[in-house]
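The block underneath contains the structure these notes are about, expressed in structure tokens.
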Amino acid sequence: MSASASQTADAAHPIQLEVLVLGFCRTGTASMRAALKTLGYGESHHIGRVMMQPTEIGAWNALIDAKIEGRNVDGAQLKELLGNFKVVADVPGIIFAAELVQAHPQARVILTMRNPDSWWNSLQQTLLVMLDTRHTRLARWLDPHRLGKSPLVLVISLTS
């Protein structure tokens with residue numbers, strides 16, 4: 001499917017993932033999503049979208065649980081969550097980078113990177129401040145091994 005093709009899916013012709021932006025938050029993934037949209041790839045799947053679609057959170061949590069516990073990740077469920085997008089960027093997609101690359105060998109992979117010190121400073125000044133609320137502190141206290149099972153809070157565990 002070309003970058004200019006319509007971003008609609010049906011059971012007979014699901015949208016194929018064309019680009020996997022496999023970088024952590026604050027490494028240029030938002031700029032990369034904007035550039036890919038300008039190039040005709042449409043909207044990207046990323047954590048901001050998940051947080052705007054709370055019905056997805058349970059499904060993502062189930063996949064994250066499976067991954068952390070060493071169980072096979074349900075590829076059909078990944079496809080269901082990502083089936084309307086040509087681009088996956090950022091969290092939670094990067095948690096399943098290996099599965100996505102294996103399931104979509106035709107997809108282009110873009111790895112966004114940043115100087116580790118600069119990245120950590122940026123993360124501390126933006127996302128971690130936003131995530132460190134009384135609710136996330138309570139979730140971490142109640143469930144310290146899983147950090148409350150929120151995809152956003154998972155970012156803390158991946159970066160701490």
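The values are calculated or read from the model by the stated rules, or taken from the named source; none is laboratory data. Since we're looking at a predicted model, the values are computed, not measured. Here the Cβ is made from the backbone with ideal geometry for all residues, glycine too, and neighbour counts use every protein chain on show.
Okay, residues lined up against (1) loosely packed, with under 14 Cβ neighbours inside 10 Å; (2) at pLDDT below 95; (3) on the phi < 0 side of the Ramachandran plot:
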| position | (1), (2), (3) |
| --- | --- |
| GLN16 | no, yes, yes |
| VAL19 | no, no, yes |
| GLY23 | no, yes, yes |
| ARG26 | no, yes, no |
| LEU36 | no, no, yes |
| TYR41 | no, no, yes |
| SER44 | no, no, yes |
| ARG49 | no, yes, yes |
Query raised in the report: Considering only helices (runs of 4 or more DSSP H) fully contained in the range 17-114, which possess at least 3 residues that are touching a helix residue (DSSP H, G or I) at 6+ places or on another chain (Cβ under 8 Å) and touching a residue at least 40 places away in the same chain (Cβ under 8 Å)?
Result: 47-52, 57-68
